[in-house]
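So the structure is just underneath, and the comments pick up after that.
The values are calculated or read from the model by the stated rules, or taken from the named source; none is laboratory data. Quick caveat, the model's predicted, so the values are computed rather than measured. Cβ atoms come from the backbone with ideal geometry, glycine included; neighbour counts cover every protein chain shown. SASA here: full protein model, heavy atoms, side chains in, ligands and nucleic acids out. Shrake-Rupley method; radii C 1.70, N 1.55, O 1.52, S 1.80 Å.
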Amino acid sequence: CRHLCPMGAFAGLCSTSSVLELRPTQDICSARCQGHACYKGDATVPGCPMSQHVMFVDSNKDCVLCLNCVRLCPNGSPQLNLRVPAREIWTTMMARPQTASFVALLLGLLLGQAVLQALEASAGAWPSVTAFYEAHRPLLVTAILVSSAALGLGILRLASRQAASDADPVLRTLHWQRVTAWAPMVVAGYAAYQLGNIPGFARLQLTLGGPDPWVTLRILPALQAVTLVLGLAVTAGALWKIRPPEAADAGFRWYRGQTVGLLSATCYAAVLLLVMVL
């Protein structure tokens, strides 16, 4: 179940960055539904694996896009739509400190995994470093991953000290929204990381100039850069959409936080790309 295991929580977080969503047609569900087949199933098609009635699906977080409800509904209520990625983030659905902490944990772990990937890729460049790494591999891998995860959570705790003590619950919620807006960066970062794990992909090159090439471009870093830029763009868009409900509440403190968030996301993407490329 997505709510009870880390992998399920990771899948639910990643689904918020999808460009597809499955949503009900409310008037059909309210007026015509009698058998509730979308979550009960029938003799040939099982019901919703998430035990969700399609009428109440308002978020990608609780939908795995199995499309069983589409096949089961006799009234054609479920609709597969294109949508703006990460829309749940600025509609307060995920504005919880637990989700924000999970995002910070993943950001830290991703950086640690990228460092380990870089060490593996540069095994022949520094023989002494490689020998030390291989001799103490379990200890070093554990230390790097634990340290990177602790770094992400530690930075979140420092950044959240003022918000946690804020008397205004709206501003506290908006702070957790701002942290959760990094979810697309997490998705893009792991996609770029996995590109580096494709066998032989790191050696692919694009050569321009015919028999006497005047430029040679490595494909892997270019794709990783494009992936991270897309994730950064979606994160920046989500941050832009998060704002106090009243324009009067958007004072200097708020815009300072938005600016710090955008600059921090940009720096994180740059550092992550630098680690992956080098």
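Counting only protein heavy atoms and a 1.4 Å probe, tell me what percentage of the range 43-167's accessible area is made up of carbon and sulfur.
Working: 4560 of 6930 Å².
On the range 43-167, the fraction of accessible area on carbon and sulfur atoms equals 66 percent.
Here the simple spin-label model places points 7 Å from the Cα toward Cβ, and for R71 and Q34 these points are separated by 2.4 nm. For D62, the accessible surface of its heavy atoms amounts to roughly 30 Å² (probe 1.4 Å, protein chains only, rounded to the nearest 10).
Please list T91, T16 from largest to smallest accessible area, probe radius 1.4 Å, with all protein chains kept in place. Show your work: numbers first, answer last.
On the way: T91 75, T16 0 Å².
Result, largest first: T91, T16.
Among F10, F252, the order of accessible area from largest down is F252, F10, computed with a 1.4 Å probe on protein heavy atoms.
Of the whole protein surface, L140 contributes about 40 Å² of accessible area at a 1.4 Å probe radius.
The loop-placed chymotrypsin sites (Phe, Trp or Tyr not before Pro) in the range 136-226, going by DSSP, that have at most 12 neighbouring Cβ atoms within 10 Å of their Cβ come out as W214. Global dimensions of the range 115-227 from alpha-carbon coordinates: Rg and Dmax equal 20.5, 68 Å.
Going by accessible area, probe 1.4 Å, with all protein chains left in place, what is the ranking of T173, T216, T235, largest first?
Numbers: T173 50, T216 80, T235 0 Å².
Putting T173, T216, T235 in descending order of accessible area: T216, T173, T235.
For the chain, the solvent-accessible area works out to 56 Å² per residue, with a probe of 1.4 Å and every protein chain left in place.
Working note: 222 nm ellipticity from helices only, DSSP H runs with n ≥ 4, each -39,500 (n - 2.57), summed and divided by the residues of the chain, gives -18500 deg cm²/dmol to the nearest 500. When the trypsin sites (Lys or Arg not before Pro) in the range 13-90 are filtered for DSSP coil states and for at most 14 other beta-carbon atoms within 10 Å of their beta-carbon, the remaining sites are R83.
Across the chain, C-alpha contacts under 8 Å between residues 6 or more apart give a mean separation that, scaled by the residue count, equals a relative contact order of 19 percent. Amide H to amide H distances under 5 Å link G41 with G47, C48, where only residues 5 or more positions off or on other chains count and H is placed in the peptide plane.
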